[in-house]
Amino acid sequence: DQPLLLIGRDAQCDVVISDRQVSRRHAAITVEDEQYILQDLNSKNGTFVNGQELSGIHILQDGDEIQIALCCKLTFVGADATAPVLLDEVRRGLRMDPDSKRVWVAGRELEPPLSVAQYRLLALLYQEPGRVYSRDEVVAAVWPEDDRGGISEQAIDALARRLRERLAEVDPDTQYVVTVRGHGFRLENAVV
């Protein structure tokens with residue numbers, strides 16, 4: 001059968017993976033009787049389906065994870081199937097559990113947990129991502145038992161900075177807590 005899709009390092013392949021672990025002609029997908037068939041083309045580092053090394057052929061099912069050598073993973077989605085939710089999309093962003101007071105950033109739980117003040121600030125901003133919360137709202141949420149006049153601008157800014165630093169430990173490429181100069185703070189949380 002003529003390959004429908006040729007995977008490899010060679011520029012003539014349909015899917016080119018420029019990694020030295022990948023053979024020039026690594027694997028092929030063909031169609032036979034409306035079924036998609038994956039075959040390893042005697043590659044040096046192997047082709048894996050759902051974590052198992054492929055020997056011979058494999059009839060692909062929706063959601064099968066194809067791994068080319070140890071460098072690239074692809075998810076197979078049939079032409080008539082509903083596209084699966086990709087875990088990387090779900091895991092981006094920030095998620096909170098108010099009952100257990102736990103926080104996940106990019107799919108990883110924040111360890112050690114946030115301080116009480118950091119958690120209160122994040123919980124306030126998390127209520128309505130994108131909304132700007134004033135400094136007075138931050139003070140009322142974070143230090144409800146204290147005299148509001150006794151909390152300095154520097155204390156609020158330092159708290160926001162420490163919270164940003166903690167979130168950046170897990171996801172340094174995303175700034176979740178944004179200072180809106182002259183107005184307050186907001187949470188940027190695109191995907192939860």
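The values are calculated or read from the model by the stated rules, or taken from the named source; none is laboratory data. Worth saying up front: this structure is predicted, and the values here are computed from it rather than measured. Here the Cβ is made from the backbone with ideal geometry for all residues, glycine too, and neighbour counts use every protein chain on show.
Computed quantities for the displayed model
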item	result
Matching residues, segment 30-69, being surrounded by fewer than 13 Cβ atoms within 10 Å (Cβ to Cβ), farther than 14 Å from Leu5 by Cα and of a type in the set (Asp, Glu)	Asp33, Glu34, Glu53, Glu65
Filter result for Thr47 (in contact with a Phe, Trp or Tyr (Cβ under 8 Å, 6 or more places away or on another chain) and modelled with pLDDT of 90 or more)	no
Subset of segment 141-153 [under 28 Å from Glu111 (Cβ atoms) and part of a helix (DSSP H, G or I)]	Ala141, Val142
